[in-house]
Amino acid sequence: MANEQYEILDWDVELDEGDDSSGFKLLEEGYYPFTVVGVKKGFTNGKPSYPCVDLNLKVGVGPDSTTVSDRIAMHSGMKWKLAQLSVCLGVRKHGEKMTFNPSEIKGLGGWVEIERREFEYTRGEKAGEKGYANNVARYIDPDDAPADGKPQVKGGEVKDGGETADDEW
């Protein structure tokens, strides 16, 4: 994903106990508030390659929050997700025409449904093992967001998340 949110470190960087974790948290499936903290335009891997928007979302509340990435390919098969995101963020009403401009959504927020995506590691010491990643299932219409403003977990056991699956894109 985008490295533009990282600061450059000196060779003699000081480390402390807060640096021991990658910061990745596997969320329980459910509905969470989010804020768009990063937006980057890019291209999908594969043939054909499509323009895409890579979103970094701060999902959750306080110390229970984590960053979740979502990649939306800019092709007709994904217009529904762009429309869903636009309504969720409050920049568009249902049925309204608009031009989607990803550079204008950083800092906006709403509600998102998170599900777990299972994948298989393809390289490294975990090659062939299963892993899990947070996946954006859908962006929630503001009218359907939890009324109490608290995350709504679907339940179930939290599985060991390991690392993110960015290499699977």
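A few comments on the model shown:
- Cα-Cα over 27 Å, subset of LYS97/LYS154; LYS25/LYS93; LYS126/LYS150; LYS126/LYS154; LYS25/LYS150; LYS40/LYS97: LYS97/LYS154; LYS25/LYS93; LYS126/LYS150; LYS126/LYS154
- Spin-label model, ASP10 to GLU129: label points 7 Å out along the Cα-to-beta-carbon direction sit 3.6 nm apart.
- Using the average count of surrounding beta-carbon atoms within 10 Å as a protection proxy, the listed peptides 89-99, 44-54 rank, highest first, as 44-54, 89-99.
- With 0.36 nm allotted per residue and the present C-alpha distance subtracted, the GLU104-THR122 stretch has 2.9 nm of extension available.
- Mean silhouette area of segment 24-168, derived from the convex hull of its C-alpha atoms and averaged over all directions, reads 9.7 nm².
- Trypsin sites (Lys or Arg not before Pro) lying in DSSP loop within segment 115-158, provided at most 11 other Cβ fall within 10 Å: ARG123, LYS154
- Kirkwood-based Rg to Rh ratio, segment 71-124, C-alpha trace: 1.08
- Using the Cβ-Cβ distance between LYS150 and SER76 with R0 set to 25 Å, the FRET efficiency from 1/(1 + (r/R0)^6) comes to roughly 0.10.
- Projecting the Cα atoms of GLY62, CYS52, ALA145 onto the charge dipole of segment 24-168 (Cβ charges, centred on the Cα centre) puts CYS52 farthest toward the positive pole.
Here, each number is a calculation from the coordinates, and none is a lab measurement. Since the model is a prediction, treat every value here as computed from it, not as a measurement. Cβ sites come from the backbone with ideal geometry, for glycine too, and all protein chains shown count toward neighbours.
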